[in-house]
Amino acid sequence: MSGPDELRVVVVGAGPAGIRAAETLVAAGLKPVVIDEGERAGGQIYRRPPQGFTRPPETLYGSETAKAVALHETFDAMAAAGRLAHHPRSSVVAIADGRLQVLDGAGSRWIAYDRLILATGAMDRVMPVPGWENAGVYGLGAMQIALKAQGAALGRRLVLAGSGPLLTLLAVQLLKAGAGIAAVLDTAPMRRQLHGFPGLSARPLFALRGLMMRRRLAGLYHAGVQLERIEADERGPVALLWRDARGREQRTACDAVGLGWHLRAETRLADLAGCDFAYDETWRQWLPKADAVGRAVPGVYLAGDGLRILGADGAEVAGRLAAAACLQDLGLPAPDMAGDRRRLARLSRFARGVAEAFPWPAETAAGLPDETVICRCEGVTAGELRKTVDFGGGEVNRAKSLGRVGMGRCQGRYCEIAAAEIVAGSAGHGCVAAAGRLRGQAPVRPVPVAALLQDAVVEG
């Protein structure tokens, strides 16, 4: 076996999971390679603004400031000391034969690895709403990135809709920054939110903080709503039509809409790395299989929200556990992770509680009107998608081949979950898992042809 100086462990992602994984590897004497799409480490949750940005961390991260700053300083210190190799503004677009194809400003190159830790994080989980294909409709995560990275609100009169902790958090952050919020619309009924209380009690202070934020939205927040459609003109949204918990029609004027139903794991690279998948009914998503510490398939480890949605704290723990498992498998000294294992179990209970309290509205997705655009990239409507079922046997990959759903730039990241609900419902499947999942394929991001022409093996 190669010595520590010759081993190449690559960490993809420099959010909380990736940073803690790299820290654990560095402490063991390794020099990991960290590849990240961001310009500066921190991930989406602790995204940093450009150098010279004047807003202080307290304004950006609120009660999470200490955690964010600690992670930033830890990573920056390792990079400055040359204890890791950092590749910022770089995207892994393919995995093959123990190598990663990486796209950056210089073009495309291949980086070899002996062990791979994927800390790819999560993204918005969005349900199509009639009219969401118009300009001025964003994911909640995109709105939060604009706020953190540039101090910008993506509109003057905003409606935020969906469900999950990010809905409340972003609304409070925008209000604190001086943005205009017209309404915060939660599709989860209050009784369903209370249903998740046993799990939420695993982190009582965190749950209490969420309730305190909710109080700051008095008069704006509405639970148990049904979203009807987004009215828009050539400039973008002009109003969102919805029904309140009593079924009464409402119309809220706006010039921008943010949508998001909690988060979904980003699993495309895990698919290309050969991981097995299983359907998780709680999250209504196919998730990669791994053991309790992140071992997926030989040589590949998963950590953070790319494996299961645990939030920033859970991602830190999972990153350490995955790196420790990697060290053990390499026959190198690894830290005792018993405490982190117990903590991860508690955080998992809390995460399940969140999923129970703020569920994905599966029945609403399955029953979307035929004219609703499901795949924004390709303009595929719910009616067109339903027509594929007669020829495709109620399987999403056949629906993709016949109707082009999921064939666009996002490769189904925004439409796959809703499309599966529609296909399964139209086919009469007893569960959505019977519709299968869209198979991952390279490149996982759009790649300029010019970049591929420059392709060369430069590392490893």
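Working note: 222 nm ellipticity from helices only, DSSP H runs with n ≥ 4, each -39,500 (n - 2.57), summed and divided by the residues of the chain, gives -10000 deg cm²/dmol to the nearest 500.
For the stretch 90-196, the relative contact order comes to 15 percent (Cα pairs under 8 Å, sequence separation of at least 6). Can you tell me the 0 to 90 degree angle between the C-alpha axis of helix 165-176 and the longest principal axis of the chain, rounded to 10? Here the helix axis deviates by roughly 80 degrees. Net charge of the neighbourhood of residue 64, taken over other residues with C-beta under 11 Å away and scored Lys/Arg +1, Asp/Glu -1, is 0. Rg over Rh for the stretch 203-271 works out to 1.09, using Cα positions for both radii and the Kirkwood form for Rh. Its residue count N fixes a reference of 2.2 N^0.38 Å for the stretch 18-114, and the Cα radius of gyration divided by that reference is 1.18. Taking Cα atoms only, the orientation of helix 65-80 departs from the longest principal axis of the chain by about 40 degrees. Note that the chain shows a convex hull volume over its alpha carbon atoms of 148 Å³ per residue. Rounded to the nearest Hz, the phi-derived 3J(HN,Hα) couplings of the stretch 436-446 under the Karplus curve 6.51 cos²θ - 1.76 cosθ + 1.60 (θ = phi - 60°) are x, 9, 5, 6, x, 8, 8, x, 7, 10, x, where x marks glycine and proline. Cross-link reach is defined here as a Cα-Cα straight distance under 22 Å, omitting same-chain residues fewer than 8 places apart; for residue 387 the lysines meeting it are 400. Protein heavy-atom surface of the chain, 1.4 angstrom probe: 52% of the accessible area is carbon and sulfur, with nucleic acids and ligands not counted. For the chain, the longest principal axis of the Cα atoms and the long axis of helix 204-215 meet at an angle of about 40 degrees. Loop sites here are GluC sites (Glu not before Pro) outside DSSP states H, G, I, E and B with no more than 12 other Cβ atoms within 10 Å. The longest part of the chain free of them is 7-233. Annotation: per residue accessible area for the chain equals 43 Å², rounded to a whole number [probe 1.4 Å, protein chains only]. Phi angles across the stretch 401-406 convert, under the Karplus curve 6.51 cos²θ - 1.76 cosθ + 1.60 with θ = phi - 60°, into 3J(HN,Hα) values of 5, 7, x, 6, 5, x Hz, Gly and Pro given as x. For the stretch 310-460, the relative contact order is 17 percent, taking Cα pairs closer than 8 Å that sit 6 or more residues apart in sequence and dividing their mean separation by the residue count. Beta bridges per DSSP, both residues in the stretch 53-201: antiparallel share near 70 percent. Rounded to whole numbers, the Karplus 3J(HN,Hα) couplings from phi for the stretch 55-64 are 6, x, x, 4, 6, 7, 10, x, 5, 9 Hz, using 6.51 cos²θ - 1.76 cosθ + 1.60 with θ = phi - 60°, and x at Gly and Pro. Our summary gives the chain a relative contact order of 19 percent, counting only alpha carbon pairs under 8 angstrom and 6 or more residues apart.
The values are calculated or read from the model by the stated rules, or taken from the named source; none is laboratory data. It should be emphasised that the depicted structure is a prediction, and the values quoted were computed from it without experimental measurement. All Cβ positions, even for glycine, are placed from backbone atoms using ideal geometry, and neighbour counts span all protein chains on display. Accessible surface areas use protein heavy atoms only, side chains included; no ligands, DNA or RNA. Shrake-Rupley method; radii C 1.70, N 1.55, O 1.52, S 1.80 Å.
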